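Please treat every number below as a calculation from the coordinates, not as lab data. Being a predicted model, the structure only gives us computed values, none of them experimental. Cβ placement follows ideal geometry from the backbone for every residue including glycine, while neighbour counts extend to all protein chains displayed.
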Amino acid sequence: EDVATTFGLKVVPIVGIGALKDAENFVKGNPDSTIGTCKMEGLVCRPAYELLDRCGNRIIVKIKWCDYKDLNISEDDK
């Protein structure tokens with residue numbers, strides 16, 4: 001972020017660091033976006049250390065709020 005700011009570039013903010021389940025619970029809460037005035041669409045999560053699949057592709061995950069909005073989520077699942 002410091003390097004991007006030095007060159008006047010915009011970056012996607014880091015929302016947090018933690019377990020994948022924590023990120024999932026965060027998105028289920030339908031939080032406000034950290035940039036702008038709308039709701040957050042979701043999170044793109046990367047492991048702390050880069051992981052690759054067997055073909056050499058990076059392993060990342062996107063957790064989208066729209067995937068959870070129609071589910072009945074009980075308190076036990078949170």
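Convex hull volume of the Cα atoms of the chain, normalised per residue: 136 Å³.
Note on L52 and D2: their simple-model spin labels are 2.9 nm apart, each label 7 Å out from Cα toward Cβ.
Hey, what did the chain get for relative contact order, percent, Cα under 8 Å, at least 6 apart? Walk me through the intermediate numbers first.
Details: 61 pairs, mean separation 18.2, N = 78.
Dividing the mean separation by the residue count of the chain yields 23 percent.
Distance between the 7 Å Cα→Cβ label points at I59 and N25: 2.3 nm.
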